[in-house]
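All remarks here apply to the structure that follows.
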Amino acid sequence: QVQLVESGGGLVQPGGSLRLSCAASGTMFRIYDMGWYRQAPGKQRELVATITRDGSEDYADSVKGRFTISRDNAKNTVALQMNSLKPEDTAVYSCNARVQSSILRPSVTVWGQGTQVPVSS
């Protein structure tokens, strides 16, 4: 069973920066796409950024130029560097990954438990 664990959340002032990390553990054959999503209070979960295994990145328009997603395939980790944070970035941030636990099994999407990022002065 593959698990994802996020770290790095916490209170940050507007204009500040924060780096979120997500590590996958368990029995894995391969991790394909990885991504970050967020859910603000009273709103639906939305895509923040995704990254393919070969490093192709995609971002929500609201975070382009401010957030950067990266991954380390050797360490099975994905990170989200968030700069110039705004109050509207306040949300619970969750990572996800499409994982194949064995060459004999199909890939499945796994989610982390989420980490809170309040942006406030």
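Take every Cα pair under 8 Å whose residues are at least 6 apart in sequence, average their separation, divide by the length of the range 31-111, and the relative contact order is 32 percent. Taking the three principal axes of the alpha carbon atoms in the chain, the coordinate ranges are 50, 25, 23 Å, sorted in descending order. Counting only residues at least eight positions apart within a chain, or on another chain, the lysines with an alpha carbon under 21 Å from that of LYS43 are LYS64, LYS86. Dividing the mean sequence gap of close Cα pairs (under 8 Å, 6+ apart) by how many residues the range 1-78 holds gives a relative contact order of 25 percent.
The distance separating the Cα centre of the range 1-41 from that of the range 52-96 comes to 8 Å.
Normalised per residue, the accessible area of the chain is 55 Å², obtained with a 1.4 Å probe and no contribution from ligands, DNA or RNA.
The values are calculated or read from the model by the stated rules, or taken from the named source; none is laboratory data. Nothing here was measured: the structure is a model prediction, and the numbers come from that model. Note: accessible area is taken over every heavy atom of the protein model, side chains too, but ligands, DNA and RNA are not part of it. Shrake-Rupley method; radii C 1.70, N 1.55, O 1.52, S 1.80 Å.
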